[in-house]
Amino acid sequence: MGDWEMCISEKNVIPIPGADLPSCKITKKEISGCSVTFDITTDIGGQKTRYQGKVAYQGGSVKGEYTAQPSTGPKLDLKMSGKRLAQCKCRVLRSLFALWKGGTLGWPFPQDRP
């Protein structure tokens, strides 16, 4: 998936590209403290992909794990991390939500991962 940038807001707390599109169906979005557990299906260009996982926001960073199951192709187990870049033009919730840059794969998790 590579790197991407997106605005994380109170309305859009799931750091998956396409999660904020009208074609995205959110089946589960649970917020507990600074952690978000999710189950969503995106439909981008006719390619449906189901994402299930959990991310945790802490200070100026986000990290988590999720699976991606495309309608065609193998299931992927992914790890992601991101960092806050700047303030977005969106309502701020506990100053955790701003413009984030995230990436997937190969991120080393500490022992106390979420």
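The values are calculated or read from the model by the stated rules, or taken from the named source; none is laboratory data. As the structure is a computational prediction, the values presented were derived from the model and not from experiment. Cβ atoms come from the backbone with ideal geometry, glycine included; neighbour counts cover every protein chain shown.
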Working only within the range 1-44, note down all residues that are more than 20 Å from residue 57 (Cα to Cα), charged (D, E, K, R) and surrounded by 13 or more Cβ atoms within 10 Å (Cβ to Cβ).
43
Select from the range 17-57 the residues that are among the aliphatic types (A, V, I, L, M) and assigned to a loop (DSSP other than H, G, I, E, B) and list them in ascending order.
19, 21
Restricting attention to the range 57-71, and to residues there that are more than 15 Å from residue 16 (Cβ to Cβ) and modelled with pLDDT under 90, which single residue is surrounded by the fewest Cβ atoms within 10 Å (Cβ to Cβ)?
59
